[in-house]
Structures are given as C-alpha cells and as structure tokens.
Amino acid sequence: MRNNGVDLFVRLTPKAAMDRLEGIEISADGRSHLKARVRAVPENGAANQALERLVAKALGVPRSAVSVVAGGTARLKTLHVLGDPAALARCIEALSSA
C-alpha cells in the first residue's frame, strides 16, 4: 500500500478465450498474485492495456487510475492502482474470495 493507492501483483495470460480475473494464486516461492486472462495478444502493449481495463472495471476505478509499473513484457506484472488504499484493499479482498 502507498499513500495514493496500492500495488497489485498479477499473473497475466494473454490470448485467452475471455477476459476475466480468476482469484488469488500462491506461487512456488510463496508470493501471492491475482490471476488474470485477457483475449488481447501480447503485442504493442495490447494485453497490458486490456489488463488495465479489466482491473479498473473490477475495482470500480477509472481506467486512468490503473497502470502497469513493472513487468511490461513479462507474465508477472505489478500494477499501481490510484485511490483510497483502504477501499481498494477491501475490493481486492472481495476479488480473492470470489
């Protein structure tokens, strides 16, 4: 958490059948991340943009409030979401239990 929002760790699968968030997954090294699938291909940032739109919609924030800050060309990404950290944490918690 930061004063102006939260960082969210995501494992992205591009070229999927549908855009969706699949809950929280624990990797082999013990780190947790949100699993996401998007239909977009991983070319010219299309999959990253689709991920930003998907996360923004799920958290109820404007698309401009979500940005990929690390892992632009990797499957494991770090997103920064602008907004009230406590409210965003509650929304993320709701995603993990869905």
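Screening Arg39 with (1) within 14 Å of the chain's Cα centre (by Cα); (2) surrounded by 14 or more Cβ atoms within 10 Å (Cβ to Cβ); (3) assigned to a loop (DSSP other than H, G, I, E, B) gives one miss only, at (1).
When His33 is tested against (1) of a type outside the set (A, V, I, L, M); (2) more than 19 Å from Asn4 (Cα to Cα); (3) in contact with a helix residue (DSSP H, G or I) (Cβ under 7 Å, 6 or more places away or on another chain), only condition (3) is not met.
For region 73-93, a residue qualifies if it is without any contact (Cβ under 8 Å) to a residue 40 or more places away in the chain and part of a helix (DSSP H, G or I), and the qualifying residues are Ala86, Ala87, Arg90, Cys91, Glu93.
Criterion first (more than 11 Å from the chain's Cα centre (by Cα), modelled with pLDDT under 95 and exposed (fewer than 13 other Cβ atoms within 10 Å of the Cβ)) does Ala87 satisfy it? It is false that Ala87 is more than 11 Å from the chain's Cα centre (by Cα), modelled with pLDDT under 95 and exposed (fewer than 13 other Cβ atoms within 10 Å of the Cβ).
Counting only residues that are at pLDDT 85 or above and either closer than 15 Å to Asn48 by Cα or in a loop (DSSP other than H, G, I, E, B) (or both), region 8-29 holds 14 of them. Return yes when Leu51 is hydrophobic (A, V, I, L, M, F, W, C), modelled with pLDDT under 95 and in a helix (DSSP H, G or I) and no when it is not. The answer is no for Leu51. Residues of region 57-72 that are in contact (Cβ under 8 Å) with a residue 24 or more places away in the chain and assigned to a loop (DSSP other than H, G, I, E, B): Gly60, Val61, Gly72. Step by step: first the residues of region 56-68, then only those that are more than 20 Å from Arg90 (Cβ to Cβ) and within 11 Å of the chain's Cα centre (by Cα), then the one that is surrounded by the most Cβ atoms within 10 Å (Cβ to Cβ). Which residue is that? Only one residue tops the list, namely Val68.
The values are calculated or read from the model by the stated rules, or taken from the named source; none is laboratory data. Since this is a predicted model, take the numbers as computed values, not measurements. Every residue, glycine as well, gets a Cβ built from its backbone with ideal geometry; the counts of neighbours run over all protein chains shown.
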